[in-house]
1. Of the numbered conditions (1) modelled with pLDDT of 95 or more; (2) under 25 Å from residue B:49 (Cα atoms); (3) in a strand (DSSP E or B), residue A:108 satisfies every one except a single condition; which is it?
2. Considering A:25, A:6, which residue is within 14 Å of another protein chain (Cβ to nearest Cβ), over 12 Å from residue A:89 (Cα atoms) and touching a residue at least 24 places away in the same chain (Cβ under 8 Å)?
3. Restricting to the range B:10-31, and then to whatever is under 19 Å from residue B:71 (Cβ atoms) and within 12 Å of the chain's Cα centre (by Cα), can you tell me which residue is modelled with the lowest pLDDT?
4. Sort through A:104, A:97 and tell me the only one that's at the interface with chain B (Cβ under 9 Å from one of its Cβ atoms) and more than 13 Å from residue A:36 (Cα to Cα).
5. Please work out if residue B:49 is surrounded by fewer than 20 Cβ atoms within 10 Å (Cβ to Cβ), closer than 22 Å to residue A:108 by Cα, free of Cβ contacts under 8 Å to residues at least 40 places away in the same chain and touching a strand residue (DSSP E or B) at 6+ places or on another chain (Cβ under 8 Å).
6. Tally the residues that are outside any strand (DSSP E or B) and either within 11 Å of another protein chain (Cβ to nearest Cβ) or in contact with a helix residue (DSSP H, G or I) (Cβ under 8 Å, 6 or more places away or on another chain) (or both), restricting the search to the range A:40-67.
7. Filter the range B:65-112 down to the residues that are touching a residue at least 60 places away in the same chain (Cβ under 8 Å), more than 14 Å from chain A (Cβ to nearest Cβ) and not in a strand (DSSP E or B) and list them by number.
8. Please pick out the residue among A:16, A:3, A:40 that is closer than 15 Å to residue B:44 by Cα and loosely packed, with under 12 Cβ neighbours inside 10 Å.
């Protein structure tokens, strides 16, 4: 089955710790994205990547870091610098076709709770 | 600034009725719009999209209408079913890198 997987589904972290969220896709998509969702709110873009070894900050990148060493993988690290990390984190991917927009496919999400 | 908003945060309908979920966008340069459905604790699922050179697009039981004059987008769901209960998000794309700006969402509650 093609799709996007995120792990773990639930994650608990103590204050001051870094934690890495996994995102893998086998859709052969060039672009990948990380969003944060808070209760009762829409999605906000953290980081996105259009190609391996390249990524750009989104609207709320402070306190987060990413890497894109492989086309299939786009892990997100929530650092201790992120002041309010408790949220639902969603990874997405899409094709990139010149001059054309394409839907983003989302993973099942990781719910991060800081204790 | 750029924003996507919704008129109604919660919509309650009877099973079998038609549902209409509305969305206002503020950036007149937006040229691609998309509706997602999100069930509790899950990632958003694509419903339907529309490009700005169209004013209507139909899918299975769903229709999206785009009114660029008043910067308004709507999602119509025919014969609403209990399985349609979810939060619905509209999103717009204004950038060349496929960046989406999401609205806050509308919760659709379907009652038997």
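1. Just one mismatch for residue A:108, condition (3).
2. A:25
3. Per the criteria, the residue is B:25.
4. It is A:104.
5. So residue B:49 fits the description; yes.
6. Number satisfying all stated conditions: 5.
7. B:78, B:79, B:80, B:81, B:82, B:84, B:112
8. Answer to the selection: A:40.
The values are calculated or read from the model by the stated rules, or taken from the named source; none is laboratory data. As the structure is a prediction and not an experimental result, all values here were calculated from the model. Virtual Cβ from ideal backbone geometry, glycine too; neighbours counted across all protein chains shown.
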